1. Between residue 171 and residue 61, what length in nm is gained on full extension when 0.36 nm per residue of separation is reduced by their alpha carbon distance?
2. For residue 38 paired with residue 189, estimate the spin-label separation in nm (one decimal), with each label point 7 Å from Cα along the Cα-to-Cβ line.
3. Please give the contour-minus-distance gain from residue 124 to residue 27: 0.36 nm per residue of separation, less the Cα-Cα distance, rounded to one decimal in nm.
4. Residues of segment 129-165 with amide nitrogen under 17 Å from the 7 Å Cα-to-Cβ point of residue 117?
Amino acid sequence: MNRLFLTAALTTAFGLAAMAAGAGTGSYAGTWNLDKANSQGLSKRLETADKVTWTIEQDEKTISIDQKVEGGQGFGPPPGAGAGGAPGASGGPPAAAGGGAPRGPMAAMPPVVYNLDGTESTVTFDGDRGKGTLKAAKMGNGLQLSRNNVFNGPNGQMLSSETRKLELSGDGKVLTAIIHSENQRGKTDSTLVFNKQ
């Protein structure tokens, strides 16, 4: 009887441990609407948009984010951008998702796929003149998505990077993305808060 009780207790303990391990990095899949009032460091494009949506697809092996920006003001090269193209402009490397002039939204970029097993994946853009290296990693109770871009433009090689740290609320209805990006124009940080649709 004692042996049976001990076996049941161990089974329950292992089950609870497994649930706890997976709770912090649950599925991010779904459609998420930007909560501008609770977000920080938004670009002018995102601030003036009528609606900003992230559509996230996730399975056991991969995760991808498709950003859609509707309405508001258009965006292009920030003031003073050179002929080589600013990030997010035609002929330049893709911009980051979050904040000011050097970080315009990635609205025109197709979704990219990250491998959840920690291995790197790659994506090309702008007629194969640019290449992005992508990597996902579990970070505490969240998921970190990193992207490093190399773009070969008329003014030479340009480098840019972006890190997105994703975290879900306890009830799974709020997604917070802490975004840090760097490129030849500087460093930027933003925090985007999304509500599940």
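What follows draws every value from the coordinates through simple rules; no lab data is involved. Please read these numbers as outputs of a predicted model, since none were measured by experiment. Note: ideal-geometry Cβ built from the backbone for every residue, glycine included; neighbour counts use all protein chains shown.
1. Values: separation 110, 0.36 × 110 = 39.60 nm, distance 2.33 nm.
Computed gain between residue 171 and residue 61 is 37.3 nm.
2. Taking the two extended label points, one gets 2.1 nm.
3. So the chain would gain 32.3 nm between residue 124 and residue 27.
4. Only 134-138 pass the distance filter.
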